[in-house]
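Asks: Got a structure for you, written out below as C-alpha cells; questions coming shortly.
Read-outs: derived from the displayed coordinates by stated rules, not from any lab. Quick caveat, the model's predicted, so the values are computed rather than measured. Cβ sites come from the backbone with ideal geometry, for glycine too, and all protein chains shown count toward neighbours.
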Amino acid sequence: MEVLLGNAFGYVVITVVLYCILNLWMAFQVGKARKRYKVFYPTLYALESENKDAKLFNCVQRGHQNSLEMMPMFFVLLILGGIGHPSVSAALGLFYSVTRYFYFTGYATGEPMNRLSIGRFGFLALFGLMFCSISSGINLLRP
C-alpha cells in the first residue's frame with residue numbers, strides 16, 4: 001500500500017477517523033438535547049408553537065445537520081488531495097475538524113451567529129483541500 005500512496009497518507013486516514021469521532025460526539029449531543037428539550041423521534045426539528053425550547057434544540061440539531069451536509073465534500077476533497085499532498089491535506093483536514101467543533105459548539109449555544117466566531121474559517125480549509133485535489137488531479141494526468 002505504501003508504494004501506491006506513500007506512508008504519509010496514513011495521516012489522511014487518521015484525520016478521516018478523527019472527524020468521524022467528532023461527528024459521533026455531535027450526534028451524542030443531539031441525543032442529549034432531545035432529552036433535555038423533550039423533542040422525541042422521529043421529529044427532526046422542534047416547532048416553536050409546541051415547545052418553548054425549540055430554538056435551543058434546533059440550534060444543536062442544525063449544527064450537527066450542517067456538519068453532516070458538508071461531510072461528503074470534506075471527505076472527498078481530503079482523500080483526493082491526500083493522494084498528492086498527504087501531509088498538507090491532513091493538516092487542512094485537522095484544521096477543518098477543529099473549526100467544525102467550534103461551529104457546532106457556537107451554534108449549540110442557541111445563538112446561531114456564534115457558529116461563525118471560529119467556525120467560519122473552515123471554508124479556508126475546504127478551499128485549501130480543493131487546491132490540493134486539483135493539484136493531485138493535474139499530477140496524475142502527467143505522463
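Asks: Using the number of other C-beta atoms within 10 angstrom as an exposure proxy, rank Thr43, Thr15, Thr105 with the fewest first. Write down the numbers at each step before the final one.
Replies: Values: Thr43 13, Thr15 25, Thr105 18.
The fewest-first ordering by Cβ neighbours comes to Thr43, Thr105, Thr15.
Asks: Separation between the Leu116 and Tyr41 pseudo-spin-labels, each 7 Å from Cα along Cα→Cβ, expressed in nm?
Replies: That separation, rounded to one decimal, is 3.5 nm.
Asks: If r is the Cβ-Cβ distance from Ser135 to Glu69 and R0 is 35 Å, what FRET efficiency results, to the nearest 0.05? The partial results should precede the final answer.
Replies: On the way: r = 26 Å, r/R0 = 0.73.
The formula returns an efficiency of 0.85 here.
Asks: Hey, can you rank 77-83, 129-135, 117-123 by average C-beta count inside 10 Å, highest first?
Replies: Working: 77-83: 24.0, 129-135: 18.7, 117-123: 16.1.
Highest-to-lowest ranking by the protection proxy: 77-83, 129-135, 117-123.
Asks: Work out Dmax and Rg for the stretch 58-143 from the C-alpha atoms and quote the Rg first, both in angstrom.
Replies: Using the Cα atoms of the stretch 58-143, the pair Rg, Dmax is 14.5, 53 Å.
Asks: So what is the relative contact order of the chain, in percent, for Cα pairs below 8 Å that sit 6 or more residues apart? Please list the in-between numbers first.
Replies: Working: 178 pairs, mean separation 37.9, N = 143.
Relative contact order here is 27 percent.
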